[in-house]
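Enquirer: My structure is below; once you've seen it, I'll send some questions.
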Amino acid sequence: MEGQQTLMPLDEFIPEVVKKRGWAGNQNIQAYNEQSKRNAEYLAFAIQTFGIKRVDTSDPKAIEDRLMWYFQRCLENNMKPTMTGMAQSLGVSRQALWDWHNGVNRPQNYEIIDSAYNMLEQLWEMYMMNGQINPASGIFLGKNHFGYRDVQDIVVQPKKPLGEEADAETIEEKYAELPPD
């Protein structure tokens, strides 16, 4: 095509970027290569669910097959399954999964979807317990995908700096010995 640029091969491009940024040594090139490769793997993985048709929620076998297809792709590609990835594989939004899980507009056979949702929560807990997720990211995921909350109970108790309240008779007796004005 006219006006289209030719892309430099990665093996030439990466050393150029490293040199321009002032990075020294082969380790920086290797780290850049590894991160670039991982980013390409993430994108290739996400492309597998791009434009996928919505699963027929009235067909439990279709739901189960689609979910198993997604989890199998995660295994094959050594990727952690995600809520958005699961939603995308079903052809719905992450918000739809959240709603279904919380009883809003549940489709037929939501139990299978709910079970997969709970499986993701179980995996999230295991990743968190074993240091597989950055704690800040893990907390974000727990709050936004699984409804976890930070709760701090504050109990307000009124203090009585003057002691217990006395009835009128007790007050009269206490101050009866005072001289009149």
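The values are calculated or read from the model by the stated rules, or taken from the named source; none is laboratory data. As the structure is a computational prediction, the values presented were derived from the model and not from experiment. Positions of Cβ are backbone-derived with ideal geometry, glycine not excepted, and every protein chain shown enters the neighbour counts.
Enquirer: Select from segment 125-171 the residues that are over 22 Å from THR84 (Cα atoms) and under 11 Å from the mean Cα position of the chain (by Cα) and list them in ascending order.
Expert: Hits for segment 125-171: nothing passes.
Enquirer: Inspect segment 146-154 for any residue being of a type outside the set (Ser, Thr, Tyr), surrounded by 10 or more Cβ atoms within 10 Å (Cβ to Cβ) and within 30 Å of GLN95 (Cβ to Cβ) and give the result as yes or no.
Expert: Looking through segment 146-154, at least one residue is of a type outside the set (Ser, Thr, Tyr), surrounded by 10 or more Cβ atoms within 10 Å (Cβ to Cβ) and within 30 Å of GLN95 (Cβ to Cβ).
Enquirer: May I ask you to verify whether ALA44 is in a helix (DSSP H, G or I), farther than 15 Å from ILE113 by Cβ and of a type in the set (Gly, Ala, Ser)?
Expert: So ALA44 fits the description; yes.
Enquirer: Which residue, of GLY131, GLY138, GLY85, is touching a Ser or Thr at 6+ places or on another chain (Cβ under 9 Å), closer than 25 Å to LYS37 by Cα and not assigned by TED's automatic domain parsing to the domain that holds ARG38?
Expert: GLY85
Enquirer: Further, regarding this structure: Mind listing just one residue for me: the one in segment 103-121 that is exposed (fewer than 14 other Cβ atoms within 10 Å of the Cβ) and without any contact (Cβ under 8 Å) to a residue 12 or more places away in the chain and, of those, farthest from THR57 (Cα to Cα)?
Expert: Top of the filtered list is ASN118.
Enquirer: Would you check if there is a residue in segment 88-95 being in contact with an Asp or Glu (Cβ under 8 Å, 6 or more places away or on another chain), assigned to a loop (DSSP other than H, G, I, E, B) and in the same structural domain as PHE71 (by TED's automatic domain parsing)?
Expert: no
Enquirer: Between a residue in segment 84-97 that is without any contact (Cβ under 8 Å) to a residue 12 or more places away in the chain and of a type outside the set (Phe, Trp, Tyr) and any residue that is outside any helix (DSSP H, G or I) and surrounded by fewer than 21 Cβ atoms within 10 Å (Cβ to Cβ), which pairs come within a Cβ distance under 6 Å, given they are 6 or more apart or on different chains?
Expert: The qualifying pairs are ALA87/SER93.
Enquirer: I've got another one for you. From the list GLN88, GLN95, GLN35, which residue is over 20 Å from HIS145 (Cα atoms) and among the polar types (S, T, N, Q)?
Expert: Criteria check complete, one pass: GLN35.
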